[in-house]
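J.: One structure follows; several queries about it will come next.
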Amino acid sequence: MTTDIGDARIRIPDQIKRGDLITVNAIVSHPMDTGFFRTPEGNPIPAYFIRDVVVTYGGQEVARFEWTSGISRDPVVSFTLKADKEAPLSMVWSDNKGAIFKHSVLISFGSA
Amino acid sequence: MNHRRAFFRSCLVSAAGLLAARSERLLASTRLVVDPNDPEVPNEEVARILKGLFGDRPIRRGHVALDMPLVAEDGRVVPVIIESDLPMSSQHHVKAVHLIVDHNPDAHLAAFHLTPAIGSVAISTRIKMKRTTWVRAILETNTGEVWADYARVQVTLNGCG
């Protein structure tokens, strides 16, 4: 499977009850170049990496990550969230060239 | 989770022997580190980062578990898990977790700013490591306390170029 830079996925549990502490897994496709490597032809590969990640839940910022190119290619991150309302969970990844990548999932509670 | 904790403890036990051999040198190290079993501050860069983040506050060991492999064959992809038993209430919570890799080109690798809405500190990601070194996970609470855990990771393949 090929992916474009900025393609993102957020994985949350299938069944969520109000008040659950859920684990959120997120991945975004990005080269995360450090600026220290060269191409096989010897040309330097400039630094190109995600440096800011903002997590919002129902429009409220719940976490913010400052990254460097020391995060591995196609960055993954997981964290917990207290699921206390039915609302979108959104993440915005920003890279050092000014590109912004967004993805959202809806936190909703089963009727069971 | 239990497996990870058990692994984490086994890491600590193996690290203890290494630390004992170095304790004399560690005792003489910078005052930024308060516990003789803590890794010494290896260079100006790390000293500057710690001073900038935490000032003169003591960096105590506890309330954080940094879980990493003892040996990382590929320095381009090294898993990291950071957990804490500290509360995440509006009165008392962890407001930031800092990840510092002593001998990486950009030693202050990541900062995770948190709010009580996330409910607990359980962060995982994957990082690059240039060579064998100490990794520091240091968290700061909203009341100004600073807690840390350390892991020494042996790196076989340089992941930073």
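The values are calculated or read from the model by the stated rules, or taken from the named source; none is laboratory data. As the structure is a computational prediction, the values presented were derived from the model and not from experiment. Glycine gets a Cβ as well: all are built from the backbone with ideal geometry, and neighbour counts include every protein chain shown.
J.: Take the residues in segment B:82-111 that are at the interface with chain A (Cβ under 9 Å from one of its Cβ atoms) and in contact (Cβ under 8 Å) with a residue 24 or more places away in the chain; name whichever of them is nearest to B:ILE123 (Cα to Cα).
T.: Across segment B:82-111, the extreme among qualifying residues is B:LEU99.
J.: So, in segment B:100-121, of the ones that are in a strand (DSSP E or B) and of a type in the set (Val, Ile, Thr), which residue ends up nearest to A:GLU66 (Cα to Cα)?
T.: Per the criteria, the residue is B:ILE100.
One line per residue, one yes/no per condition, for (1) surrounded by fewer than 17 Cβ atoms within 10 Å (Cβ to Cβ); (2) among the hydroxyl-bearing types (Ser, Thr, Tyr); (3) modelled with pLDDT under 95; (4) more than 17 Å from the chain's Cα centre (by Cα):
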{"position": "A:ARG11", "(1), (2), (3), (4)": "yes, no, no, no"}
{"position": "A:ARG18", "(1), (2), (3), (4)": "yes, no, no, yes"}
{"position": "A:ASN25", "(1), (2), (3), (4)": "yes, no, no, no"}
{"position": "A:THR56", "(1), (2), (3), (4)": "no, yes, no, no"}
{"position": "A:GLU66", "(1), (2), (3), (4)": "yes, no, no, no"}
{"position": "A:SER69", "(1), (2), (3), (4)": "no, yes, no, no"}
{"position": "A:SER104", "(1), (2), (3), (4)": "yes, yes, no, no"}
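J.: Do you know which residues across segment B:61-79 are within 10 Å of chain A (Cβ to nearest Cβ) and assigned to a strand (DSSP E or B)?
T.: Listed by number, the residues that qualify are B:ASP74, B:VAL78, B:PRO79.
J.: Please work out which one of (1) touching a helix residue (DSSP H, G or I) at 6+ places or on another chain (Cβ under 9 Å); (2) at pLDDT below 95; (3) aliphatic (A, V, I, L, M) is the condition A:ILE45 fails and give its number.
T.: All conditions are met except number (1).
J.: Can you name every residue in segment B:134-161 that is within 12 Å of another protein chain (Cβ to nearest Cβ) and under 20 Å from B:LEU50 (Cα atoms)?
T.: So the first thing to find is which residues in segment B:134-161 are within 12 Å of another protein chain (Cβ to nearest Cβ), and the list is B:135, B:158-161.
Hit for segment B:134-161 is B:VAL135, nothing else.
J.: Between A:ASP7, A:ASP74, A:ASP20, A:ASP33, which is touching a strand residue (DSSP E or B) at 6+ places or on another chain (Cβ under 9 Å), under 20 Å from B:HIS108 (Cβ atoms) and more than 8 Å from every other protein chain (Cβ to nearest Cβ)? Walk me through it before giving the result.
T.: Working: A:ASP7 fails: under 20 Å from B:HIS108 (Cβ atoms); A:ASP74 fails: under 20 Å from B:HIS108 (Cβ atoms); A:ASP20 fails: under 20 Å from B:HIS108 (Cβ atoms).
Of the residues listed, the single one that is touching a strand residue (DSSP E or B) at 6+ places or on another chain (Cβ under 9 Å), under 20 Å from B:HIS108 (Cβ atoms) and more than 8 Å from every other protein chain (Cβ to nearest Cβ) is A:ASP33.
J.: If you don't mind, another one. Only one of A:PRO13, A:PRO31 is under 30 Å from B:PRO87 (Cβ atoms) and of a type outside the set (Lys, Arg); which?
T.: One residue alone meets the criteria, A:PRO13.
J.: What strands (runs of 3 or more DSSP E) lie completely within segment A:19-105 and have 3 or more residues being among the charged types (D, E, K, R)?
T.: It comes to A:60-67.
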